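What follows is a short report on a single structure.
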Amino acid sequence: MSEERMLEHARPELAQAREDLHKFTMRESVVRFYARHDAKLDTAVQASPQALACEAGCSYCCRQFEVVAHPFEVFEVQAYVSRHFTAEQLRGTIERATRNVNERKAATEAARLTLRPTCPFLVDHSCSVYAARPSVCRNYHSTDKDNCQKSFEDPFNTWPNTYAHDVFHAAMGGAAGFKKAVEELGLDTRTYHLSSAFLEAMRSPDSAKRFNSGKRAFVKATFSEFDSSASS
Ligand code: SF4
């Protein structure tokens, strides 16, 4: 059963994340988690009986949905941008993120289902924050690129069920384990839309302070519709 298979990955990650969060800072713990997560996914991909279709230069995932991230991931992206981006790169990213936020705001609830916002960090079909990308972006499990394209072109087409199961379970389970460890510390683990949360993180230094004190990190940023804790 798929839930049990995810738990097989979530449990050890939860134990390791608890230990890390006790010994290291949040940022250090996130970096350590990403390293473990990438290694776990590489192993799952090598062992998978299903061939993967994901490849460099394919960016349907980055243009398919509003990309989401937890606050501890948003701050990692923000730190990366602050360290590595030129003023021009930053301006372009902020423009693209603002466009996404405004398009979403202007759309009706029904129209939002068909929006295909391009992630503001996608540049020439490649991720400009690759080393710091959120955990959801580290997952790559599609076995059929044509289906990704069809799903991208037809928003009413459901997400095709053509994925490498073992890779998917490793990715979802590992991410859930780390998130749970952060949640146990009483910190915000809501799933925010990356465009709006990134803008708020850049504009309001208070968002990090709020997060560190156990409050909701972002007060203006929008949430994923699939986050059940979003309205609290
Ligand atoms: S952060 Fe990078 S990998 Fe994730 S959706 Fe954006 S461009 Fe794609």
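The values are calculated or read from the model by the stated rules, or taken from the named source; none is laboratory data. These numbers come from a predicted model, not from an experiment. With ideal geometry, Cβ positions are generated from the backbone for all residues, glycine too; neighbour counts draw on all protein chains shown.
What to note about this one:
- Selection status of Asp227, among the charged types (D, E, K, R) and either modelled with pLDDT of 95 or more or in contact with a Pro (Cβ under 6 Å, 6 or more places away or on another chain) (or both): no
- Filter result (loosely packed, with under 14 Cβ neighbours inside 10 Å, assigned to a helix (DSSP H, G or I) and of a type outside the set (A, V, I, L, M)) within region 97-129: Asn102, Lys105, Glu109
- Among the residues of region 107-125, not a single one is in contact with a Phe, Trp or Tyr (Cβ under 9 Å, 6 or more places away or on another chain), in contact (Cβ under 8 Å) with a residue 12 or more places away in the chain, within 13 Å of the ligand (Cβ to nearest atom) and of a type in the set (Ser, Thr, Tyr).
- Among residues of region 171-190 being assigned to a helix (DSSP H, G or I) and small (Gly, Ala, Ser), the one that is surrounded by the most Cβ atoms within 10 Å (Cβ to Cβ) is Gly174.
- Picking from residues in region 45-91 that are among the polar types (S, T, N, Q) and assigned to a helix (DSSP H, G or I), the one that is surrounded by the fewest Cβ atoms within 10 Å (Cβ to Cβ) is Gln46.
- Within region 126-139, the set of residues being near the ligand (Cβ under 6 Å from one of its atoms) and among the basic types (Lys, Arg) comprises Arg133 only.
- Within region 48-89, the set of residues being aliphatic (A, V, I, L, M), farther than 24 Å from Ala221 by Cα and within 12 Å of the ligand (Cβ to nearest atom) comprises just one member, Ala56.
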